[in-house]
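The structure appears below as C-alpha cells.
The values are calculated or read from the model by the stated rules, or taken from the named source; none is laboratory data. A quick note: this is a predicted structure, and the numbers were derived from the prediction, not measured. Quick reminder, even Gly has a Cβ in these numbers, built from the backbone with ideal geometry, and neighbours come from all protein chains shown. When the accessible area is computed, the model is the full protein with side chains, heavy atoms only, and any ligands, DNA or RNA have been set aside. Shrake-Rupley method; radii C 1.70, N 1.55, O 1.52, S 1.80 Å.
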Amino acid sequence: MARSVRAETFSDDGLIRGYHALAGGFDELVERSGAVKAHWEPLLHELAELTPATRLLRMEQLNARVRETGIAHDLFADPSSAAQPWRVDLVPLIVPPEEWRLLQRALVQRARLFEGILADLYGPQRLLATGAIPHELVFSDPSFLRPCHGLRPPGGFIQFFAADLARGPDGSWRVIDTHTETPAGIGYAIANRMVHTNVAGDIFGACQGMRLAPFFQLLQAALARRASRVDPTIALLTPGPRHSDFFSHAYLARYLGLLLVEGGDLRVTGDQVSLKTLHGLMPIDLIVRCVAGAVADPLELDSSGFAGPVGLLQAIRKQPDLVVNALGSALAENRGLSAYLPKLAGAVLGEDLLVPDGPRWWLGDAASRRHALAHLDHMVIRPAHEGTARPGRAIPGIDPARLGPAERTQLLQEIEIRGAALVAEAKVGFGTTPSLTQSGLVPKPYAVRMFVAATVDGFTALPGGLAMTVDPDMTVALSAPDGESRDVWVVSDAAPPPFTSLWRPTIEAAQVRRSPHDLPSRAADNLFWLGRYTERADWTMRTLRICLSRLQEDSAPRQELRASRTALEILLSKDEGKVPGDWEVTDAHLIEQLAQNLMTSADWYYALPRTLDNIHRVASLTRDRLSLEAWRTLNDFYASRRWRADAMPTAMGDALRLLDDGLRVLAAFHGLTHENMTRNFGWSFLDMGRRLSRAYNLSEVLLGIFGRARSGDDETGSLLFVLELADSFITYRSRYRLAPMLPLVLDVLLVDESNPRSVGFQLAALSRHIDSLPQSGERSGRNEEQRMALSLLSQMRLADMAALGKVEADGTRPALQKLLGEQVASLPDLSDVIGRRYFNLTEKDAKWHRVYSRAEP
C-alpha cells in the first residue's frame, strides 16, 4: 500500500486546513481517513514552500499566460465581457503510476474496440446481422454516412481517439463520452501543459510528471507513414475561426507543423486534393480532419455543408488513407452503444471491458425505455449523438426532476417519438480533486478527457490530458460552463527520459526551404487585412489625438478647429447617419463629444473598439506568421481592459495618454514586423495593406480640407494640422524655415517618395510589391492591378504643385480635386482587384496557375 501522511502536516499556513471535512465521497487528494495520498506529497511540499501570497501570484501569472497565449479568447465573443472563458488551476490532477497503467490499458482497449466496430459497420456488418448492435441505432444516426460504406482505410478508421472519464463515489472509473471523429480538443491539453510548466515548471519537475512530447513524436511519425511520403504535406482541416474549438485546431497545427486550412482553401482536381496558394495548387498528402464528416463534401454528403472541398469523397476512394479520422467515424460516438459495449468487447476483441460506460440506456430499445421511464427522476436525458465541440461544452442534458408538469409531458412525448435519438443516464456523481483558492485548497468535482493516437506500434495513450471542473447538480457529462480547467500530470515511477520537444526537431527532420510560394490564399488575405486594420487604428488614434490636443489649447485657431471637424467627419462618414447636419465650427464641446464616441462606441465602423477587435481577430488567424513579440505587442489591446469600450477614459487628459500609449504599441508592432518578419509574400501582403490604407486616408483628408478654399481664410492652421496628422512636421521644418505653404506641404505629403508618410511613398511601395507577386510575370504585359498601381503612381509623380494649389473663382481647386479624387476612388478598387486575384481563386484564375510538380520519393 502506498505511504500516506496526515493532512495536518501541510495545514500550518492553511493550505489544506479543513479540506477533508469538505471532501465528500471519493477524493483524489485524501483518503477517507483524512490521510494525504503519497503521490500528492511532492506537490504539497512544493506549494507549502511558497507563501499564500506567492501561490496566488503564481495563479495570476498562470492565467495571464493563458490570456497571452490566446486560450481564453473566443474570436467572435463579446470582447467587453468580463468573464474569462478558460482558466487553468495551478493545482493539476495527479495520476499515480499504478492508476495510469490501468487507464492506459483501458483507453487503448477502447480505441481498438471502436476501430473494430467501425470496420464492421462500414464493411461486412456482421454485428448488425447477429443483433449485437440494433439496426435502428445505426441507421437512425445521421453520423452513419452511407456513401462511405465499403471504404476501409489501410491505416484504420481512427487516428485520434479521446474518452471523457469520471470517478464514481466509490472511486471507480467510468467513461461518460467517447470521441472518434476529430482530435477532440487535444490542442487545449498541449496549451495547458505549455503555460503550466512555464509558470510552475519547478513543481512539475519535483513531481516527476511524464512529458507529452514523446507521444507527439510518435504521432508525427504515424501521420508521415499514412501519407506514404518522406516529407509529406499534411493539412489540418478546420471549420474556421467561428468554431468553438478553433484555438485547439490552430495550436495543434502549429505544434505538429501542419498547414491550417479551411474547406475553401482546398480544391479537388481529378483525384488530387490541393491547397490554393499564391503560386498555384499545392498537392496535399494527408488531411487531419477537424470538421464534421457529414459536411465534408457537399457533392456526395450534405449539400449545404462546405466544410470540405467539393469532390473530397471521390478523392478518398482513390486514396483511402487521405483523411484522418476517416469520414463516418463519428458513428462510434453514439451514446446508445454504451449498453452493448461489454458484449461487443467480447465479440470484437475477445476481451472483457476494462472500464465500463456510466449507467446509460438507449431509449430506442423498448425495455430500456420502460426502465428509464420508471426511474425518470433519477435520470438525465441527453441526445444519443452530439458531436465534438470545445472541451467543457458538452450538452448537460435535461433533468426530469427539475421540470414542471407541462415540460415533463413534452419530454415524455419527445421520448415516445424520438427515442432512438436519446439516451437516459443515471445520476452517479463525480469524484473531487483539489483546486487552489484564496483560502487554500478546496475539493471540486471534475471529469477528465484523455487522448489516444494510432502510432506505428499500435494505439498509444497520451500520458496527460485535460481535467475540468463540473457541476454535479447540473450534468452527467464533461460540461464546464465556467471554463475552469487543469493540467493532468501522470507520475512516473521510472527515471525521467531525456528532455524532448516538438519545437526542436532533429537535424534529420530539418530541410532547407526558402520558397515564398506556399502561402495559402486565406493567409495572404488575413495578413493584408491585418495591415489595413493596424493602419486604420493608427490613423484613427492620430486623428483623435490631434483633435483633442487642439481642444486643450487655450486659443486653438479657427482653421485648426475646422480641420479637426473635417477629419472627424471623414471618419464618421463611414457610418451612415453618424454625422450631424449643421453645427458650428467653433463648437469645441461637440468636437470633443464626437471624438469621445469614436473612442468608446462599439457600434461605429471606424471607432477604436471595433477596429481593435478586428485587429485581434485577424492577428489570431495569422498568429503562426507573426513572431512571439509581435503577437504579444498586438495582444496588449485585447488583454488589457483599458481598451474595452466600457473602460475608455472620459477625461481628455486620460484619453490623450491612452492614445499615446496605443500609438506606441502600433509603432512597436510595425517595427517588429519590419525587423523580424521574413521578406516573403506574407510580409508583402501585410505591408501592402498598410500602404494602401495610409495612401487612402491621407488622400481623403487632404481632399476634404483643401479641395475647396474658404474666402478670406488663412490656411496656415489647417496646414499645420495635416503636417502633424501625417507625422511630417519635422520633415517640413527641416527643409523650410517658412510658415507652411500649400504647394510646399503638398510636395511633402503627396509627391516626395523619400517621406515614408507621403502618398507617393505608399504608391511606390505598392507598385513594387505588386510587381513581385507570383502572377505578375506569368502573362504578357501588365495585369490589371499592375496597371492600376502604375497609373496612380504616375499621376502623383507628374503632379504640378503650383497647379494643385490654384483656386478658381468658385473657391475650388480643380487640379487637386481631380488628383486626390482619383486616388480616393481608385484605391478601394485596387484593393478589390488584389482580393479577386489572390484571395478568391476561381476556375478562370486557376488556368493561369501552374500545378506544383513533385518527384515521387
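Things to note:
- Amide H contacts of Thr437 (H built 1.01 Å from N, under 5 Å, at least 5 apart or other chain): Val442
- Residue among Pro359, Leu313, Phe144 farthest towards the positive dipole end of the chain, charges placed on Cβ: Leu313
- Gyration tensor (alpha-carbon) shape descriptor, region 293-383, a/c threshold 1.5: oblate
- Per-residue extension of 0.36 nm, minus the Cα-Cα distance of Ala588 and Gln552, leaves a gain of 12.0 nm for this segment.
- Pairwise centroid distance, computed over Cα atoms, of region 292-311 with region 109-178, Å: 22
- Heavy-atom accessible surface of region 685-812: percent carbon and sulfur, 1.4 Å: 51
- Inter-site label distance for Gln438 and Asp202 at 7 Å from Cα along Cβ, in nm: 2.5
- Within region 156-253: Cβ-based charge dipole about Cα centre, in debye rounded to nearest 20 (Lys, Arg +1; Asp, Glu -1): 240
- Of the residues Phe669, Phe681, Trp604, the one whose Cα sits farthest toward the positive end of the charge dipole of region 603-733, with +1 on the Cβ of Lys and Arg and -1 on the Cβ of Asp and Glu, is Phe681.
- When the chain is described by a simple charge dipole with +1 on each Lys and Arg Cβ and -1 on each Asp and Glu Cβ, the residue from Ala494, Leu93, Ala38 located farthest towards its positive end is Ala494.
- Förster radius 41 Å - calculated FRET efficiency between Glu46 and Arg225 (Cβ-Cβ, nearest 0.05): 0.50
- Charging the Cβ of each Asp and Glu at -1 and of each Lys and Arg at +1, and nothing else, the dipole of the chain about its Cα centre rounds to 1580 debye.
- Accessible-area composition of region 287-400, carbon plus sulfur, in percent [1.4 Å probe]: 56
- Accessible surface of region 209-279 [probe 1.4 Å, protein heavy atoms]: carbon and sulfur percent: 48
- Taking Phe161, Phe430 and ordering them by how much accessible surface each has at a 1.4 Å probe, largest first, produces Phe430, Phe161.
- Largest-first ordering by accessible area, 1.4 Å probe, given options Trp604, Trp529: Trp529, Trp604
- Folded to 0 to 90 degrees: helix 521-552 orientation relative to the chain principal axis, Cα: 50
- The packing ranking of peptides 123-132, 262-271, 237-246, 669-678, highest mean first, is 237-246, 262-271, 669-678, 123-132, where packing means the average number of other beta carbon atoms within 10 angstrom of each residue.
- Lysine pairs in the chain with Cα atoms under 28 Å, if 8 or more residues apart or on separate chains: 12
- Put His378, His149 in order of accessible area, highest first, and with a 1.4 Å probe you get His378, His149.
- Listed candidates [x] 48, 31, 28; [y] 42, 38, 26; [z] 56, 33, 25 - label of the one calculated as semi-axes √(5λ) of the Cα gyration tensor in Å: [z]
- The helix-based estimate of mean residue ellipticity at 222 nm for the chain, built from -39,500 (n - 2.57) per DSSP H run of four or more residues and divided by its residue count, is -13500 deg cm²/dmol to the nearest 500.
- Inter-site label distance for Asn597 and His375 at 7 Å from Cα along Cβ, in nm: 6.3
- Solvent accessible area, Å² - Glu386, 1.4 Å probe, full protein context: 60
- Accessible area per residue, Å², the chain with all protein chains present, probe 1.4 Å: 40
- Accessible surface of Arg690 - all protein chains present, 1.4 Å probe, nearest 10 Å²: 30
- Sorting 309-319, 647-657 by average packing, meaning the other beta carbons within 10 Å per residue, from highest down gives 309-319, 647-657.
- About the centre of its Cα atoms, region 726-844 shows a dipole size close to 260 debye [charges on the beta carbon of Lys, Arg (+1) and Asp, Glu (-1) only; nearest 20 debye].
- As a calculated quantity, the FRET efficiency between Ser33 and Leu218 at R0 = 51 Å, using C-beta atoms, amounts to about 0.80.
- HN-Hα J in Hz across region 282-290 - Karplus 6.51, -1.76, 1.60, θ = phi - 60°, x for Gly and Pro: 9, x, 9, 8, 7, 10, 8, 8, 10
- Per-residue HN-Hα couplings for region 797-810 [Karplus 6.51, -1.76, 1.60; θ = phi - 60°; Hz; x = Gly/Pro]: 5, 8, 5, 9, 4, 5, 5, 5, x, 5, 10, 7, 4, 7
- Glu98 sits with roughly 110 Å² accessible to a 1.4 Å probe, with DNA, RNA and ligands left out of the calculation.
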